[in-house]
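This report concerns only the one structure given below.
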Amino acid sequence: MKIFNWVINPKEVRTKLGLNQQDFWTRIGVTQSGGSRYESGREMPKPVQELLRLVHVEKIDLTKVKKEDFEVIEYLKTASPDTYRELRKRAKAQRKQRGDSESEH
């Protein structure tokens, strides 16, 4: 079962972010020449696709993510699902509010 049935176009994402190939690809551990090949149509391995999605689409700073964070999330989902849902709802509202205020500047 596929979670995502769409394919990320790396060149389109990079262009929208206003990054050159070097800056874009090195953030996920890919050389500029390797990234250029992916932008030209070479198939990206699944781990590279996921890193691209997490770092450039979801805007996750992987240097700040720790295994314990995921353990806490899984525990919270199981032990207190109502609290988990409420926290997700609040975080989403906060992201939306930040996005709206950033677009006004």
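Of all residues in segment 37-51, those that are under 12 Å from Lys11 (Cβ atoms) have Cβ atoms under 8 Å from Cβ atoms of residues that are not in a helix (DSSP H, G or I) and not basic (Lys, Arg), 6 or more apart or on another chain, in Tyr38/Val30; Tyr38/Met44. Scanning segment 22-35 for residues that are open to solvent by less than 40 Å² (accessible area, probe 1.4 Å) and over 12 Å from Leu51 (Cβ atoms) yields a single hit, Gly34. Scanning segment 13-24 for residues that are without any contact (Cβ under 8 Å) to a residue 12 or more places away in the chain and not hydroxyl-bearing (Ser, Thr, Tyr) turns up Lys16, Gly18, Leu19, Asn20, Gln22, Asp23. Kindly indicate whether any position in segment 76-97 is small (Gly, Ala, Ser) and closer than 27 Å to Leu19 by Cα. No - not one qualifying residue is present in segment 76-97.
Checking each residue in segment 21-77 for being small (Gly, Ala, Ser) and either assigned to a loop (DSSP other than H, G, I, E, B) or touching a Leu at 6+ places or on another chain (Cβ under 6 Å) (or both) picks out Gly29, Ser40, Gly41.
The values are calculated or read from the model by the stated rules, or taken from the named source; none is laboratory data. Everything numeric in this text was worked out from a predicted model, so none of it was measured. We place every Cβ from the backbone using ideal geometry, glycine too, and count neighbours over all the protein chains shown. For the accessible areas, the whole protein counts, side chains as well, though only heavy atoms, and no ligand, DNA or RNA atoms are used. Shrake-Rupley method; radii C 1.70, N 1.55, O 1.52, S 1.80 Å.
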